[in-house]
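Please read the structure below before turning to the comments.
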Amino acid sequence: MSTPFVPFTSHVYSLPPAKLIAAPTSLQINRTEPSIAEVIAARAAEAPNAPAVVSNDEVLTYAELDQRANRVANQLVGLGVAAENIVAVCLDRSVESIISTLAIMKAGGAFLPLDPNHPIDRLRFMLDDAQPRVLITKGKLVAELDHPTREVIDISCEGLADFSAQAPIVETDPKQLAYVIYTSGSTGEPKGVEITHESLQNLISWHRNAFQVTSQDRASHLAGVGFDASVWEVWPYLTAGATLYLPDEETRLSPDSLRDWIVENKITISFLPTALAESLMILDWPAEAALRFLLTGADTLHRHPTNNLPFKVVNNYGPTECTVVATSGIVHSANVDDGLPTIGRAISNIDVHILDENLAPAADGEAGEIYIGGMGVARGYLNRPDLTAEKFIADPFSSKLNARLYRTGDLARRLPNGDIAYLSRVDDQIKICGYRIEPAEIEAAIDRHPAIASSVVTARGSNCSDKRLTAYVAMRNGTTPAATELRDSLRTSLPDYMLPSVFVKLQFLPLTANGKIDRAALPEPSSENTLRDDDFIAPRSPIENRLSEIVCTLLKLDRISVNDNFFLLGGHSLLGTQLIVKIRSAFGVDLALRTLFDASTIAELSNEIERLIVARIENMSEEEAEALLA
């Protein structure tokens, strides 16, 4: 039976006192509870052999985590890292990324997580903007991101063993910068959000109390390092002495494989982005599954759990500017509430106001904009005092000195029971696959292409599972580039999740009477107005011909070129799952959903299917092969 859910206590649940290890202790300034680094050091002293992180076959104990982080921390201190200094970490989700981030906190610095899969120009922009004192990375990025203004640590270098495994002496203050994380910018460039230790500690304390986290828990770590949910996935569990489990990429992206992995590893608490959580909620689960809570958030949740799920589903809401989570609540089965799931209520020490255009509280049931106050509110935007002043305003409802509210741009209404129902965005900001996207940033990149006169980007699709970015483009001088050419040009500055799936060619963008883009007048993508990747090429083999029939049926098309992209023709993850099932039935091979993202044309899928068939035959006995070919 799952434990009770109690997320709405009004007090601060303090972390347990840290027991001092043999290393020099941190100096205390202006605080009454131990730092995150101190609590984890205490866990290492209490249970040195307990598993902290499990990634495939690698198991990192708490003693190993603490000592390896201390070595990196001592090198950082030697390089001059101290309070308010930013240290960038450009590593995939891994044991190394967790060690590096803990080391930065032990050294007193603030961590800046960067996704190494992002375009190199985007990484360089964020590094140039944040000006970190040190960058921690590995592989080819050591050379590609090197710069005279910063030191670079290769985390895979054996030289780290030369540094002391004893914790350095540092000072930490609750108001001190804990991390900076970049989010899509409305000005056409990413912006860095500054979060303090006080805000991060509040998130950790609420989470551990709400979900009754203990050292016996096993939690998943699935979010990409550049997504603020990764902060939430890691530190509440390591401060509790629990174990973090990291699945591989193929497992992480396949609902069936992920469910099996959660069950096999006895995961008790897991966070999944909305689209993936919805996919897992409709699967069959064994009654003996250890999972207690399935947490979700980042997009509008459209599905209620069924009564037979052996765990509780919890919907969460919060902008990056308010330390990941601002509201949270259990999602009940559909027969309890036929509307969309709510986003719950404010978590501990967070104030959520729904205000009208005059900053007056909206009546219950009336729509208003969400403003968030309390301990989760960020300092502001790094190097952007103008934008900080615009989005972070004085809190007229608080008696605390210098209290502020963050203006989210989200519309909601408060229900009679106190829950908050999310409605929509005030502006045109988009959320897809857990990422918050400013269309202006994509439009600015598109407009840099010499063939484009102007563009506008929207999200098409009714829910998070089939929502896709659609770019409407007006051409310059009558030129018409292929969709592949436009997408390749965008890849130099935008990550994959910000690349439009469809480009719609227009003679000109429709305008309203006051000269603004008339988004309501933008047409639906069709075969006539959509830019294609290549000229039509008919199927050339029996496998391509059968695949073409399957895909045309799924997408309701008359024909498809072997080089047409499944997702650009209207495919999405749910249709992709159906395609995988039909391929298994037609060809007798199993493909992971991730394969469809990597090989999304008839030609590419045909090659992969042929490879799997050949491998299957090669592994058969002579009698089995003869029976198959008979």
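Observations
- The lone exception for Ile420 - which of (1) closer than 30 Å to Leu253 by Cβ; (2) of a type in the set (A, V, I, L, M, F, W, C); (3) surrounded by 17 or more Cβ atoms within 10 Å (Cβ to Cβ) it fails: (1)
- Filter result for Thr342 (of a type in the set (Val, Ile, Thr) and within 30 Å of Ala110 (Cα to Cα)): no
- Members of segment 489-517 found to be modelled with pLDDT under 85 and either on the phi > 0 side of the Ramachandran plot or exposed (fewer than 13 other Cβ atoms within 10 Å of the Cβ) (or both), listed by number: Phe508, Leu511, Thr512, Ala513, Asn514, Gly515, Lys516
- Subset of segment 128-171 (residues that are under 17 Å from Leu65 (Cα atoms), of a type in the set (A, V, I, L, M, F, W, C) and over 24 Å from the mean Cα position of the chain (by Cα)): Cys157, Leu160, Ala161, Phe163, Ala165, Ala167
- Remark: Gly576 falls outside the filter, which requires a residue to be at pLDDT below 85 and on the phi > 0 side of the Ramachandran plot.
- Where strands (runs of 3 or more DSSP E) sit wholly within segment 150-265, those with at least 2 residues that are at pLDDT 95 or above, outside the structural domain of Ala42 (by TED's automatic domain parsing) and closer than 30 Å to Arg384 by Cβ occupy 177-183, 191-196.
- Those strands (runs of 3 or more DSSP E) of segment 301-410 in which 2 or more residues are buried (at least 22 other Cβ atoms within 10 Å of the Cβ) and not charged (D, E, K, R) occupy 312-317, 327-330, 350-355, 368-374.
- Residue check, Leu272 of a type outside the set (Asp, Glu), part of a strand (DSSP E or B) and within 25 Å of Phe597 (Cα to Cα): yes
- Inside segment 175-217, residues that are in contact with a strand residue (DSSP E or B) (Cβ under 7 Å, 6 or more places away or on another chain) and of a type in the set (Lys, Arg) make up a count of 2.
- Hits in segment 102-156 (condition: among the small types (Gly, Ala, Ser) and in contact (Cβ under 8 Å) with a residue 24 or more places away in the chain): Ala103, Ala107, Gly108, Gly109, Ala110, Ala130, Ser156
- You will find that of Ile430, Ile446, the residue that is under 23 Å from Ile120 (Cβ atoms), without any contact (Cβ under 8 Å) to a residue 60 or more places away in the chain, surrounded by 17 or more Cβ atoms within 10 Å (Cβ to Cβ) and under 26 Å from the mean Cα position of the chain (by Cα) is Ile446 and no other.
- Search result, residues across segment 394-416 that are over 20 Å from Gly318 (Cα atoms) and without any contact (Cβ under 8 Å) to a residue 24 or more places away in the chain: Ser399, Lys400, Leu401, Asn402
The values are calculated or read from the model by the stated rules, or taken from the named source; none is laboratory data. On a predicted model such as this, the values are computed, not experimentally measured, just so you know. Note that we place each Cβ from the backbone using ideal geometry, even for glycine, and neighbour counts take in every protein chain shown.
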